[in-house]
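First comes the structure, then the notes that go with it.
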Amino acid sequence: SESISVPMIPLGLKETKELDLLVPLKDFISEHYGEEGVLFEKEIKEFMELRQAMRTPSRNEAGLELLMEYYNQLYFLDSRFFPPTKTLGVFFHWYDSLTGVPSHQRALAFEKGSVLFNLGALHTQIGARQDRASLPGLNQAIDAFQKAAGAFNYLKENFSNAPSLDMSAASLTMLVRLMVAQVQECVFEKMTLLRAQNDFLARLQLAQEAARVEDVYSLVHQTMSQPHVKDYVPFSWTTMVHVKSEHFKALSHYFAAIALCDCPAPSDAELLEQEKAFLQFHVTMPEGPSLRVLLQDPEERRKLGKAHLKKAIMKHEEAMRIHGLCKILRKMDILQEVLSFAHKRSLSKYSEIDHEEDFFETGEAPDIHPKTHQKPEIKSPNFSQVKVTDLFHRLGPLSVFSAKNKWYPARRVHLVRGENGFGFTLRGDSPVLIAGVIPGGCAAEAGLKEGDYIISVNGKDCKWSKHAEVVQLLKSTGKEGVDIGVITLQGSEYPKAVDRKAAVMSSGSGMLKSNKENSRKSLMNSKSASTLLVWSKKSKRSKKSTYSGVPFTTVGDNEAMY
């Protein structure tokens, strides 16, 4: 019966309404990128299918990866279609995980936050499903609850002002603490499972582990009783957490009693070690004889053991009383069974050590000092483990072709090679940049300017082309010359490197003053802040894109005259 696992608390997923992005994205592609929106229908539909699939993830690793994939894909959607100054005009609708109350926002941050919440919720469901009677099941449950705590903690630290209660700072703090407590409970179960030896020190350790579980559940219960959370959290959760804190307090006293009553008095060799362990065992020292006398005198051990059992029985009864107050918990036979088994076990131990001729008043046993051998870890989500490719990579490299950048309409320029070549220097890859134009040369006469990006050569799209590929296309032209398509970024009329850096710095620092969620997009876009918040460098940019908007002052190694 000791192997029966007490139920854990899983979270339901947030639900969301369908979202039709076909028209808004096609319009944006036409207006902002100057491309035919209709040519991108396949990509838009693929994105919408991914969103549809992410609404009902399976409760396993594949489901977690699906949520991660969608979350990472939102980075690209944000960069491509959400300029800092305006929204797409679509609303993201999500329902509260606990109450079902609907909320909606235009900010993509609400969509990201809700997906992150579901990542945490899915981990809780996976954790609660494990068979905790076995070691592999326990380790998987520990891992799942630690990752759930990490997701909720990440959400709390990086997204503010969420419109729904389940994502408020107070709720997320409570959820992180609840997950940590569930991890701690699994650690205790792991110890009982691995406990081969029933010696004195092992039982003291179990008592301290149980006291630690009681400690963390008491904290969760306090958090759930706070004003903003109290009316929102289901009564069954608050009751379950309260029951567990009383139950584990009872267990800590029970194991203390067992250590004292069932283990023989120590030999001289063991005495020092036991004395040392016992010194740090109680919160306050028990009244009566010195530790050495207590440990060596079976009668003194029995007395203190009896006091611990008395306290254990009181706490078992309190746990059962609280359990009886909640209709939902009363229907949970397993919990009822565990509580009553533990209660009976303490009662039978008490009657076993209770002597008829005991005339002493059973004293008050001091509480047990909480201590654990495995502290719960809060494991933040690792977004880079799921690699995604930008669905809209055909629009061009993000370093140039993003929602925050604006450019003048593409120009077609006809160039004929002169005696000294075309008269410009090229730099970088994807897209290749015209880094310098020689005054009086062919390029200057044709109207090419320093800072133009080459997007096509003789009708061939060159947005993603490498330096050498563009050079090859230019070199292979004959006397008839070559048609080059170029764009110029607005506001970039190629400022000096220092000015560019200063501008980037100021755009980064100014944003930090406003709230995180809404300034997030602008932060993501300023290069100085590109490492902030959500995406790690690795996952930020798919393999297909390379960063080449770097300002330069002198002719670098990878720059050449043509």
Is it the case that segment 33-55 has a residue that's open to solvent by less than 50 Å² (accessible area, probe 1.4 Å) and either not in a helix (DSSP H, G or I) or not assigned by the TED database to the domain that holds V90 (or both)? no
Could you tell me which residue of segment 140-179 is nearest to the chain's Cα centre (by Cα), considering only residues that are part of a helix (DSSP H, G or I) and among the hydroxyl-bearing types (S, T, Y)? Y154
Can you find a residue in segment 200-223 that is modelled with pLDDT under 90 and over 22 Å from K306 (Cα atoms)? no
Could you check segment 201-229 and list, in sequence order, the residues that are over 32 Å from the mean Cα position of the chain (by Cα) and surrounded by 23 or more Cβ atoms within 10 Å (Cβ to Cβ)? L204, A207
Report yes if S30 is over 30 Å from K344 (Cβ atoms), surrounded by 17 or more Cβ atoms within 10 Å (Cβ to Cβ) and of a type in the set (G, A, S), otherwise no. no
Determine whether segment 84-107 contains at least one residue that is buried (at least 21 other Cβ atoms within 10 Å of the Cβ), hydrophobic (A, V, I, L, M, F, W, C) and assigned to a helix (DSSP H, G or I). no
Single residue of A319, A256 found to be in contact with a strand residue (DSSP E or B) (Cβ under 8 Å, 6 or more places away or on another chain), under 23 Å from L347 (Cβ atoms) and modelled with pLDDT of 85 or more: A256
Any chance you could count how many residues in segment 78-114 are over 23 Å from Y232 (Cβ atoms) and free of Cβ contacts under 8 Å to residues at least 40 places away in the same chain? 5
Return the residue satisfying two criteria in turn: it lies in segment 429-448 and is in a loop (DSSP other than H, G, I, E, B) and out of contact with any Phe, Trp or Tyr (no Cβ under 8 Å at 6 or more places or on another chain), and of such residues it is modelled with the lowest pLDDT. G440
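Consider E69 carefully, then state whether it is open to solvent by 60 Å² or more (accessible area, probe 1.4 Å), in a helix (DSSP H, G or I), in contact with a helix residue (DSSP H, G or I) (Cβ under 8 Å, 6 or more places away or on another chain) and touching a residue at least 24 places away in the same chain (Cβ under 8 Å). So that I can check it myself, show each step before the final result.
Working: open to solvent by 60 Å² or more (accessible area, probe 1.4 Å): yes; in a helix (DSSP H, G or I): yes; in contact with a helix residue (DSSP H, G or I) (Cβ under 8 Å, 6 or more places away or on another chain): yes; touching a residue at least 24 places away in the same chain (Cβ under 8 Å): yes.
Yes.
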Exactly one of these conditions fails for D390: (1) under 24 Å from K42 (Cα atoms); (2) out of contact with any Phe, Trp or Tyr (no Cβ under 9 Å at 6 or more places or on another chain); (3) charged (D, E, K, R). Give me its number. (2)
Which listed residue, of P376, P381, P409, P431, is open to solvent by less than 10 Å² (accessible area, probe 1.4 Å) and not charged (D, E, K, R): P431
Answer yes if at least one residue in segment 114-136 is buried (at least 16 other Cβ atoms within 10 Å of the Cβ) and in a loop (DSSP other than H, G, I, E, B), and no otherwise. yes
Screening I322, I328 for residues that are crowded, with 18+ Cβ neighbours inside 10 Å, of a type in the set (A, V, I, L, M) and at negative phi leaves only I322
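Results for (1) of a type outside the set (A, V, I, L, M); (2) in contact (Cβ under 8 Å) with a residue 60 or more places away in the chain, shown as yes or no for each residue.
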{"position": "V243", "(1), (2)": "no, yes"}
{"position": "L279", "(1), (2)": "no, no"}
{"position": "H282", "(1), (2)": "yes, yes"}
{"position": "P289", "(1), (2)": "yes, no"}
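The values are calculated or read from the model by the stated rules, or taken from the named source; none is laboratory data. Only a predicted model underlies this, so the values are computations on that prediction, with no experimental measurement involved. Note that each Cβ is placed from the backbone with ideal geometry, even for glycine, and that neighbours are counted across all protein chains shown. With ligands, DNA and RNA removed, areas are computed over all heavy atoms of the protein, side chains included. Shrake-Rupley method; radii C 1.70, N 1.55, O 1.52, S 1.80 Å.
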